[in-house]
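The values are calculated or read from the model by the stated rules, or taken from the named source; none is laboratory data. These numbers were taken from a predicted model, which means no experiment stands behind them. Note: ideal-geometry Cβ built from the backbone for every residue, glycine included; neighbour counts use all protein chains shown.
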């Protein structure tokens, strides 16, 4: 199964589009004319959540002093800030519309836990609100004997698996509701209706036994290095 780091994939795709663009990228009415490696480095700054600038310098093969200098340049800061909100929107769409394997949910959540706090919060708050609303709607419909829409069942499953993994790597406020309300709902209602081929408890055990954050960061570092090696110099 392919390792899946959604920010790393988004970063790679964004840089590829930047390199292939026939006209300069426009951000807030300003033309961005940075070299590809500098543009990619600006996007990589979101990894400063639980990593240092020195770690980014190592993965990108860009001298640390050069990165420090870039972080004072308006154009670099503009790309850096834009990337966080833009990715948060793209990430939320991916999580709401796609199914992933348990191992991929673990990679996705681990990468989120490594990102800068502002990005993590943008992702977590929105998705947790959807998770809480969807779970509450399913509980209410079941209590009132109403049909449970397939869309809500599948959305609840996606968000449950994501938050199980996220709580493992970045514990937060979702833990109580997960344990008290949503795990029983998943076990007793959602999983049987969706005819899932594994039990909720098995999913939880799998996530708890998955690779730790430090090991996942090593895999991610290798992917980042490979991406920067492919970028044109200059």
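Computed quantities for the displayed model
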item	result
Matching option when the condition is modelled with pLDDT under 90 and touching a helix residue (DSSP H, G or I) at 6+ places or on another chain (Cβ under 6 Å), among 187, 177	187
Answer from 99, 180 - the residue that is surrounded by fewer than 12 Cβ atoms within 10 Å (Cβ to Cβ), in contact (Cβ under 8 Å) with a residue 12 or more places away in the chain and more than 24 Å from residue 49 (Cβ to Cβ)	99
Qualifying residue in region 158-177 (condition: outside the structural domain of residue 82 (by TED's automatic domain parsing), in a helix (DSSP H, G or I) and over 30 Å from residue 83 (Cα atoms))	yes
Filter result for residue 67 (touching a strand residue (DSSP E or B) at 6+ places or on another chain (Cβ under 7 Å), under 18 Å from residue 43 (Cα atoms) and part of a helix (DSSP H, G or I))	no
Qualifying residue in region 189-200 (condition: assigned to a helix (DSSP H, G or I) and within 17 Å of residue 103 (Cβ to Cβ))	yes
Test: residue in region 121-140 that is surrounded by 15 or more Cβ atoms within 10 Å (Cβ to Cβ) and either free of Cβ contacts under 8 Å to residues at least 24 places away in the same chain or not in a helix (DSSP H, G or I) (or both)	yes
One residue from 95, 4 being on the phi < 0 side of the Ramachandran plot and assigned to a helix (DSSP H, G or I)	95
